[in-house]
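This report refers to the structure that appears directly beneath it.
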Amino acid sequence: MSGFKKRLAFLPLIALLALLFSSGHPARAQTLNAVKERGTLNCGVGQGLLGFSSMDDKNAWTGFDVDICRAVAAAIFGDPAKVTFTPLDAATRFTALQSSKIDMLSRNSTWTMSRESSLGLMFAGVAYYDGQGFLLRRDARIDTALQLGGKTVCTQTGTTTELNLADYFRANDMALKVLALATAEESRKAYDERKCDVLTSDVSQLYAERLKLSAPDSHIILPEVISKEPLGPAVRQGDDQWFNLVKWTLYSLINAEELGVKSATIDDAAKSSNPNIRRLLGTEGEFGTQLGLANDWAARAVRAVGNYGEIYERNVGTQSKLSIPRGLNALWTQGGIQYAPPVR
């Protein structure tokens, strides 16, 4: 066989190998199809954190993280009710995602390098900028975390909180006593029963846990924030289409607030001549099609749950029992750092 003919014989094999190695994990690029065929989005949430994911008196799921799930369902189906919520604790949340028990995780989980590099996950963006803090009794007469040396601190195992706590006390040369418990509820109860002097967790969670204590007004949250805890929805690696869909749904909510697009006024906004609004709401361009969705995907999400600001204020902000200031979660145009890439 001549050299030319030998090269021809190898072409089909080369073409097959090229297809296999350039297709981007084709076997796993099926999440959106699976969700559509199932007719519902399987979303992992917390087991009961007021303001983020909890059941109301009608046994309906409510909260900031819950609304992110509903926004994705609305973007896909045009119906925010097409979500099956799976409550998960800290120990099982990532396993549930890895094993495809859920399609996405929206459960106050911190975006870290190790969770992406070793667990096979990808965080689709920062939905809530948080940080670890300390809650203690007002009558302890302590007004700074630097006075906590020698105190017993309750925390939850299986979270980034334990390492942050140890690092902070070591860096400040303070003695540390830890009571680590399996769940947030057990940690709160231990603190309420005076088995420890201090309760530590993300500041947003401390606001929620304080309301569950026997005398909420008798407890304070110290001003120090000792860590960066960027919280956001996570998906499995290997399905770029699904990753982009969840990411851009989150970004659409942030962009909607920046552009003044609200759930109650979205029909009027769709008539706008502003090109940024038109692209966001699908009256111009084919941006939904690029995600495998209808071009009004973002309009569906905002109509269902509101823009980012509406979601925040309703669940954890001024319209809620928590009344957590926007702080870092304010838009970049209003003194915060919430910022979304443009739809264009």
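Of these, Gly282, Gly260, Gly335, which one is free of Cβ contacts under 8 Å to residues at least 60 places away in the same chain and in contact with an Asp or Glu (Cβ under 9 Å, 6 or more places away or on another chain)? If you could, list the steps in order and put the result at the bottom.
Details: Gly260 fails: in contact with an Asp or Glu (Cβ under 9 Å, 6 or more places away or on another chain); Gly335 fails: in contact with an Asp or Glu (Cβ under 9 Å, 6 or more places away or on another chain).
Going through Gly282, Gly260, Gly335 in turn, the sole match is Gly282.
Could you say which residue among Ala74, Ala90 is of a type in the set (Gly, Ala, Ser), within 20 Å of Ile254 (Cβ to Cβ), outside any strand (DSSP E or B) and touching a helix residue (DSSP H, G or I) at 6+ places or on another chain (Cβ under 9 Å)? Talk me through it step by step, then tell me what you get.
On the way: Ala90 fails: within 20 Å of Ile254 (Cβ to Cβ).
Being of a type in the set (Gly, Ala, Ser), within 20 Å of Ile254 (Cβ to Cβ), outside any strand (DSSP E or B) and touching a helix residue (DSSP H, G or I) at 6+ places or on another chain (Cβ under 9 Å) holds for just one of Ala74, Ala90, which is Ala74.
Could you pull out the residue among Asn244, Asn276 that is part of a helix (DSSP H, G or I), within 21 Å of the chain's Cα centre (by Cα) and more than 22 Å from Phe52 (Cβ to Cβ)?
On the way: Asn276 fails: within 21 Å of the chain's Cα centre (by Cα).
Of Asn244, Asn276, the one residue that is part of a helix (DSSP H, G or I), within 21 Å of the chain's Cα centre (by Cα) and more than 22 Å from Phe52 (Cβ to Cβ) is Asn244.
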Going through region 264-294 one residue at a time, which ones are of a type outside the set (A, V, I, L, M, F, W, C) and either open to solvent by less than 40 Å² (accessible area, probe 1.4 Å) or touching a Cys at 6+ places or on another chain (Cβ under 7 Å) (or both)?
Ser272, Gly282, Gly285, Gly288, Gly292
Answer yes or no as to whether Cys196 is assigned to a strand (DSSP E or B), over 30 Å from Lys82 (Cβ atoms) and in contact (Cβ under 8 Å) with a residue 40 or more places away in the chain.
no
Within region 292-301, work out how many residues are assigned to a helix (DSSP H, G or I) and free of Cβ contacts under 8 Å to residues at least 60 places away in the same chain.
1
Among the residues of region 141-155, is there at least one that is over 15 Å from Ser227 (Cβ atoms) and under 19 Å from the mean Cα position of the chain (by Cα)?
no
Which one of Asp67, Asp57, Asp79, Asp103 is surrounded by fewer than 16 Cβ atoms within 10 Å (Cβ to Cβ) and in contact with a helix residue (DSSP H, G or I) (Cβ under 8 Å, 6 or more places away or on another chain)?
Asp79
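The values are calculated or read from the model by the stated rules, or taken from the named source; none is laboratory data. Since this is a predicted model, take the numbers as computed values, not measurements. Here Cβ is always computed from backbone atoms with ideal geometry, including for glycine, and neighbour counts include all displayed protein chains. Please note that ligands, DNA and RNA were not included when accessible areas were found on the heavy atoms of the full protein model with its side chains. Shrake-Rupley method; radii C 1.70, N 1.55, O 1.52, S 1.80 Å.
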